[in-house]
Amino acid sequence: MDIHIPLPRIKLLNPDFPNKSTGIINGQSSGLLNWNDIAYPQIYDLYQTLLSNFWKAQEINMQDDIKQWDLLSATEQDVFLRINTQLASLDSLQTPTMFQVMDYVTDSSFKAIFAVIAQQEAVHNESYSYILSSLVPIHEQKERFNQAKSDPLVRKRNNLILDAYESFRKNPTPQHLFQLGVNSINLEGIYFYAGFAFFYHLARQQKMLKTSTMISYIQRDEMQHAYFMAQFLRILLSENPELYTEANMDYVYKSVEQAVQLEKEWAHVILKDIEGINLDEYEKYTEYLANKRLRQLGLQNLFKERENPMPWIHVFSDEMMNETKSDFFEQKSRTYAKVTQSNGFDEL
Ligand code: ZN
Ligand code: ZN
């Protein structure tokens, strides 16, 4: 396989092919999904986990936060609104990107996961609008959403992700799919966290707890998404060893490092006036996160190994995540592309 040749946009139904696909890309697949006949049965567990996380914004009554809003300082209000719309702008990218990937992935069970993730991103996006509409009048909501577009640092951050996403849109090659996956992990697994930290910091002071509840639901989803994407990439690499090159592993380390730098830079700007969040500690936290993402990909730590320096950001603990996630590589795939010990994919 040439990793620089665009993937074909496959027909919806190919009755001559098996229902169980022969590959996640370039596979033969009828397009008919029978969950009892799939190449990676563990995908079904993940699908169930994603569905069991289902929530929607309106389930959370914002009354308490509405009452507390006026008690926040002007700085807290400003940061609150800026972070809210910046997070919304990230989620806005994810919904269509997940749908786009579906057109080129040839395994129907993976397509189903991308569909569920896209749906969840739409819910996240709506929840930011919902929070904003509870707290400020429409003209300010609009202004804040525009602010998220024009902020130069937000733009710079988004560009790392957008370059990879747009490359795949223009030229959907396996190589670009790989790069898209890496940057999706940067977005969901690193970029969200200065924002999350701010809301949890308010919650530590018993402020805006309804917003924090919503944020913790979003975080729970994002942890699953980043985990899924890491699994997806590992399967992609193991089925397509042409992608598993030193240059591509370098690409992962470099882009994760860049995401960490941009996240630190953003935290220093957006959180600088917030008392009680130690920015040196937050820098270490982003490094801790990056190491975790790399290990999920079966790669090495890029930064010094350390304990979680900000455990209060984790409303949903790693232990809880471990209960809900399934390790695709513990249960060996029943059919195609067995994962071997030598590919370094044993650590999760
Ligand atoms: Zn999201
Ligand atoms: Zn996500």
Relative to the present Cα-Cα distance, how much length would full extension add between Glu242 and Trp35 at 0.36 nm per residue of separation? 71.6 nm
Hey, if we sort Glu143, Glu222, Glu246 by accessible area with the 1.4 Å probe, largest down, what's the order? Glu246, Glu143, Glu222
Under the 0.36 nm per residue contour assumption, what length would be gained going from the current alpha-carbon distance of Ile5 and Ser73 to full extension? 19.1 nm
Rounded to the nearest whole Å², what accessible area per residue is found for segment 62-137 with the 1.4 Å probe? 30
For labels at Ala122 and Gln261 in the simple 7 Å Cα→Cβ model, what's the distance in nm? 3.8
Working only with C-alpha atoms, what are the Rg and Dmax values of the chain, expressed in angstrom? 20.3, 65
Where nothing but the Cβ of Lys and Arg (+1) and of Asp and Glu (-1) is charged, how large is the charge dipole of segment 61-347 around its Cα centre, in debye to the nearest 20? 360
Once both labels are modelled 7 Å past Cα along the beta-carbon direction, what's the Glu166-Gln205 spacing in nm? 3.9
Restricting things to Cα coordinates, could you compute the convex hull volume per residue of segment 102-247 in Å³? 137
Computed ³J(HN,Hα) along segment 80-86: with the Karplus parameters 6.51/-1.76/1.60, θ = phi - 60°, integer Hz and x for glycine or proline, the list is 3, 6, 5, 5, 3, 7, 5
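Assuming 1.306 mPa s and 10 °C, estimate D for segment 1-154 with Stokes-Einstein, Rh taken as the Kirkwood radius over Cα pairs, in µm²/s.
On the way: Rh = 18.4 Å.
Taking Rh from Cα pairs, D becomes 86 µm²/s.
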Of Ser167, Ser184, which has the most accessible area with a 1.4 Å probe, and how do the rest follow in descending order? Ser167, Ser184
Along the Cα-to-Cβ line of Lys149, 7 Å from the Cα, sits a label point; which residues in segment 72-107 have backbone N less than 20 Å from it? 81-97
Sequence neighbours fewer than 8 away in the same chain don't count; with that in mind, list the aspartates and glutamates whose C-alpha is under 18 Å from Lys149. Asp78, Asp91, Glu126, Glu140, Asp163, Glu166, Glu263, Glu265
Candidate lysines - alpha carbon under 17 Å from Lys264, same-chain residues fewer than 8 apart omitted: Lys156, Lys254, Lys272, Lys284, Lys292, Lys304
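The values are calculated or read from the model by the stated rules, or taken from the named source; none is laboratory data. Everything numeric in this text was worked out from a predicted model, so none of it was measured. So basically every Cβ, Gly included, is an ideal-geometry build from the backbone, and we count neighbours across all protein chains shown. Note: areas computed on protein heavy atoms with side chains; ligands, DNA, RNA excluded. Shrake-Rupley method; radii C 1.70, N 1.55, O 1.52, S 1.80 Å.
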